[in-house]
Amino acid sequence: KSFSPSALSTYVRNPIDFYLQKILKINSFNAVEEVVGAKTLGTIIHDTLEVFYKPLEGSFLSLERLLSIKKSIHNEVKNQFEVTFKKGIIDRGKNLIIFEVAKRYISNFINFEIAEIKAGNTIKVIQIETTLEVSIPISELDYSVNIGGKVDRVDQYNGQTRIIDYKTGKVEQRELVINDWSLITTDYAYSKAMQVLMYALMLNQKGKPERVEAGIISFKNLNSGFLKLTSQTDGDSSKKDSFVTQETLDRFLVELKTLILEICNSEIP
């Protein structure tokens, strides 16, 4: 199986959790969910956006299409709650509030897109919820290692290719600034930067163009817009580059291999 961005983030945060969940396959007991949890809410929002945007792959966003999507928000969010939350009650109590929050998140995001188009920007949808898997050659190991995951969205903003990861929680720009490459696979504070770099690396190996931008759209920090990954260049911490270049990916690959070798080292308990 391939290493996913979330699996590697789990290892960086707590290797014991990684061992229990990914090696021993022991997951914490999931009681029947009576109140919609953060993970379920995230799934519902992602799946709703996939339904709305998947048919738009290869086309430019238009005001007409976005306004049409707005009219469908209530019904589609309700449908996704029924799919993911099964027969949970959503017409009263906390779940009704969370249902309304989900609708508001989607509505705010569509309004954000509408404002971009009205401001004269062009947005072309390239890929939505694309599952990727690539091989990482590591000469020290006598077996192949894969990384894989699902990229929420790839688009072109005024012609510039962007790799976008949606987060329903709050993310701030400082979480996507890399000042020290040696920390990206050892400090959990860099977990979001590591995740978007893994998506960029996978897309790069699939032949996507260089000098892409990669980052996060945070639904709890939507006013900040697209939060770009930035990293130091030429070993100078005062110089920051918001493009994910081949040099960026080469640096990241060095750290990623070090992390995977640590995980695969049977001498390390």
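The values are calculated or read from the model by the stated rules, or taken from the named source; none is laboratory data. Keep in mind the model is a prediction, meaning the values are calculated, not measured. Cβ placement follows ideal geometry from the backbone for every residue including glycine, while neighbour counts extend to all protein chains displayed. We work out accessible area using only protein heavy atoms, side chains counted, and drop any ligands, DNA or RNA first. Shrake-Rupley method; radii C 1.70, N 1.55, O 1.52, S 1.80 Å.
Scanning segment 131-141 for residues that are among the acidic types (Asp, Glu) and part of a strand (DSSP E or B) turns up just one, Glu133. Quick check: is even one residue across segment 226-240 among the β-branched types (Val, Ile, Thr), over 21 Å from Phe52 (Cβ atoms) and open to solvent by less than 20 Å² (accessible area, probe 1.4 Å)? Within segment 226-240 (the criterion being among the β-branched types (Val, Ile, Thr), over 21 Å from Phe52 (Cβ atoms) and open to solvent by less than 20 Å² (accessible area, probe 1.4 Å)), the answer is no, since none of the residues qualifies. Would you be able to say whether some residue in segment 204-219 is closer than 26 Å to Tyr143 by Cβ and of a type in the set (Val, Ile, Thr)? No.
One residue stands out among those in segment 171-188 that are within 20 Å of Gly225 (Cβ to Cβ) and open to solvent by less than 20 Å² (accessible area, probe 1.4 Å): the one that is farthest from the chain's Cα centre (by Cα), which is Ile178.
The rows are residues; the columns are (1) assigned to a helix (DSSP H, G or I); (2) modelled with pLDDT of 85 or more; (3) open to solvent by 50 Å² or more (accessible area, probe 1.4 Å).
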residue: Lys54; (1), (2), (3): yes, yes, yes
residue: Gly58; (1), (2), (3): no, yes, yes
residue: Lys78; (1), (2), (3): yes, yes, yes
residue: Ile106; (1), (2), (3): yes, yes, no
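Each residue in segment 6-25 was checked for being basic (Lys, Arg) and in a helix (DSSP H, G or I), and 2 pass. Identify, please: which residue in segment 145-170 is surrounded by 15 or more Cβ atoms within 10 Å (Cβ to Cβ) and touching a Lys or Arg at 6+ places or on another chain (Cβ under 6 Å) and is, among those, nearest to Ile98 (Cα to Cα)? Going through the qualifying residues, I end up with Ile164. Within segment 90-104, being surrounded by fewer than 16 Cβ atoms within 10 Å (Cβ to Cβ) and of a type in the set (D, E, K, R) holds for Asp91, Arg92, Lys94, Glu100, Arg104.
Glu133: within 25 Å of Phe3 (Cα to Cα), touching a residue at least 60 places away in the same chain (Cβ under 8 Å) and of a type in the set (Asp, Glu), yes or no? Yes, satisfied.
Out of Ile128, Ile98, one residue alone is aliphatic (A, V, I, L, M) and part of a strand (DSSP E or B). It is Ile128. Scanning segment 112-125 for residues that are assigned to a helix (DSSP H, G or I) and not aromatic (Phe, Trp, Tyr) yields Glu113, Ile114, Ala115, Glu116, Ile117, Lys118. Against the conditions (1) farther than 23 Å from Asn221 by Cβ; (2) at pLDDT below 95; (3) under 24 Å from the mean Cα position of the chain (by Cα); (4) open to solvent by less than 90 Å² (accessible area, probe 1.4 Å), Ser28 satisfies every one except (4). You will find that of Ile136, Ile128, Ile123, the residue that is open to solvent by less than 60 Å² (accessible area, probe 1.4 Å), closer than 30 Å to Ile263 by Cβ and touching a strand residue (DSSP E or B) at 6+ places or on another chain (Cβ under 7 Å) is Ile136 and no other. Looking across segment 60-73, just one residue is loosely packed, with under 11 Cβ neighbours inside 10 Å and more than 21 Å from Ala119 (Cβ to Cβ), and that is Lys71.
In the set (1) closer than 21 Å to Gly225 by Cβ; (2) surrounded by fewer than 18 Cβ atoms within 10 Å (Cβ to Cβ), the condition left unmet by Val35 is number (1).
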